[in-house]
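Notes follow the structure.
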Amino acid sequence: MIDSVTAGLAALLGPSDLVAGVDEAGRGSWAGPVAVGVAAVAAKDLEKLLCERWVKEHLDDSKGLSPAWRESLLPLVERHFFTGFGIASAGECDDLGMTAALHRAAERAFASLGLAPRLTILDGKHDYLARPGVVTLVKGDSRSAPVAAASLVAKVGRDSLMREAGLLMPAWGFATHKGYGSRAHETALIEYGLSAIHRRSWGYVKRLGLGADE
């Protein structure tokens, strides 16, 4: 990743001011939580970090990386960035709607971070953070190293939770599809109905003829 975006946005910050990236995972899933990751770095460390080989050659949108690469990169992210992770449950996604659920997950991620970034680069074009110093960036997870790092934190963290759910509820195959829509997931839903972690307000419920009271 050649990242000129973050350096440009951070140019007016003080040396110890934090630059954070934020991204989510699980927004479109049928089951499980939506997760938000935060990755922050001090402005004085940013230039050196952006020159690191692993950043330039391997850090990118986590969805485009293999699970093995994501797992191998996470320790590097955690070594060079301050990180935070938060979720909103499937029930909260149903009760609040996705925008408010993302906000709640993000608040939990920032609480986990325990720091207050001066600049926050949020992937996408909609600001669900409602915090000071937020800049939205379309395709930020492939254009900004902190956002790519946050994407990885969110994706690896959520995938881990879904693998755990798969061990507890193996019938639905969560360990494989992580709660996203797939033919195998549809087949399991038709056979077993909705699990405790399915999002019951999503359109697939009506399309597959699943009772909301299952």
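The values are calculated or read from the model by the stated rules, or taken from the named source; none is laboratory data. Just so it is clear, the structure is predicted and the values come from calculations on it, not from any experiment. Positions of Cβ are backbone-derived with ideal geometry, glycine not excepted, and every protein chain shown enters the neighbour counts.
Counting only residues that are touching a residue at least 40 places away in the same chain (Cβ under 8 Å), over 20 Å from residue 46 (Cβ atoms) and either among the hydroxyl-bearing types (Ser, Thr, Tyr) or part of a loop (DSSP other than H, G, I, E, B) (or both), how many does region 94-123 have?
Applying the first criterion (touching a residue at least 40 places away in the same chain (Cβ under 8 Å)) to region 94-123 yields 94, 98, 101-102, 105-106, 108-110, 112-113, 115-123.
When the remaining residues are screened for being over 20 Å from residue 46 (Cβ atoms), the result is 94, 98, 101-102, 105-106, 108-109, 112.
Next, from what is left, pick out any that are either among the hydroxyl-bearing types (Ser, Thr, Tyr) or part of a loop (DSSP other than H, G, I, E, B) (or both): 112.
The qualifying residues number 1.
Got a number for residues in region 1-24 being buried (at least 18 other Cβ atoms within 10 Å of the Cβ) and among the polar types (S, T, N, Q)?
Residues that pass the stated criteria total 1.
Quick one: is residue 104 in contact with a strand residue (DSSP E or B) (Cβ under 7 Å, 6 or more places away or on another chain), more than 25 Å from residue 5 (Cα to Cα) and buried (at least 23 other Cβ atoms within 10 Å of the Cβ)?
On the way: in contact with a strand residue (DSSP E or B) (Cβ under 7 Å, 6 or more places away or on another chain): yes; more than 25 Å from residue 5 (Cα to Cα): yes; buried (at least 23 other Cβ atoms within 10 Å of the Cβ): no.
Answer is no for this residue.
Under 8 Å between Cβ atoms, at least 6 apart or on separate chains: pull out the pairs that start in region 7-28 with a residue that is more than 20 Å from residue 138 (Cα to Cα) and end on any residue that is aromatic (Phe, Trp, Tyr).
18/82
With region 140-199 as the region, which helices (runs of 4 or more DSSP H) entirely inside it contain at least 1 residues that are closer than 16 Å to residue 24 by Cβ and in contact (Cβ under 8 Å) with a residue 60 or more places away in the chain? Before you say what the answer is, go through the steps one by one.
On the way: elements: 145-168, 174-177, 183-192.
So the answer is 145-168.
Answer yes or no as to whether residue 205 is among the β-branched types (Val, Ile, Thr), within 14 Å of the chain's Cα centre (by Cα) and part of a helix (DSSP H, G or I). Let's see the steps before the verdict.
Working: among the β-branched types (Val, Ile, Thr): yes; within 14 Å of the chain's Cα centre (by Cα): no; part of a helix (DSSP H, G or I): yes.
Spelling it out, it is not the case that residue 205 is among the β-branched types (Val, Ile, Thr), within 14 Å of the chain's Cα centre (by Cα) and part of a helix (DSSP H, G or I).
Counting just the residues of region 25-81 that are of a type in the set (Ser, Thr, Tyr) and surrounded by fewer than 24 Cβ atoms within 10 Å (Cβ to Cβ), which one comes out nearest to residue 185 (Cα to Cα)? If you could, list the steps in order and put the result at the bottom.
Residues of region 25-81 that are of a type in the set (Ser, Thr, Tyr), as a first pass: 29, 62, 66, 72.
Now narrow it down to the ones that are surrounded by fewer than 24 Cβ atoms within 10 Å (Cβ to Cβ): 66, 72.
Values: 66: 21, 72: 28 Å.
Residue satisfying both the conditions and the ranking: 66.
Could you please let me know if residue 37 is in contact with a strand residue (DSSP E or B) (Cβ under 6 Å, 6 or more places away or on another chain) and either of a type outside the set (A, V, I, L, M) or not in a strand (DSSP E or B) (or both)?
In short, yes.
Can you find a residue in region 42-59 that is in contact with a Gly (Cβ under 7 Å, 6 or more places away or on another chain) and closer than 17 Å to residue 121 by Cβ?
We begin by selecting, within region 42-59, every residue in contact with a Gly (Cβ under 7 Å, 6 or more places away or on another chain); these are 43.
Applying the additional criterion that residues be closer than 17 Å to residue 121 by Cβ yields 43.
There is at least one residue in region 42-59 that is in contact with a Gly (Cβ under 7 Å, 6 or more places away or on another chain) and closer than 17 Å to residue 121 by Cβ.
Can you tell me which condition residue 210 does not meet? The list is (1) surrounded by fewer than 21 Cβ atoms within 10 Å (Cβ to Cβ); (2) in contact (Cβ under 8 Å) with a residue 24 or more places away in the chain; (3) not hydroxyl-bearing (Ser, Thr, Tyr), and all the others hold.
(2)
Only residues that are assigned to a helix (DSSP H, G or I), modelled with pLDDT of 95 or more and over 25 Å from residue 45 (Cα atoms): list them for region 59-93, please.
90, 91, 92, 93 - these are the residues of region 59-93 that are assigned to a helix (DSSP H, G or I), modelled with pLDDT of 95 or more and over 25 Å from residue 45 (Cα atoms).
How do the pairs read when you match residues in region 48-69 that are within 19 Å of residue 29 (Cβ to Cβ) with residues anywhere that are hydrophobic (A, V, I, L, M, F, W, C) and surrounded by 19 or more Cβ atoms within 10 Å (Cβ to Cβ), using Cβ under 6 Å and keeping only pairs 6 or more apart or on different chains?
Taking only residues 6 or more apart or on different chains, the pairs are 62/152.
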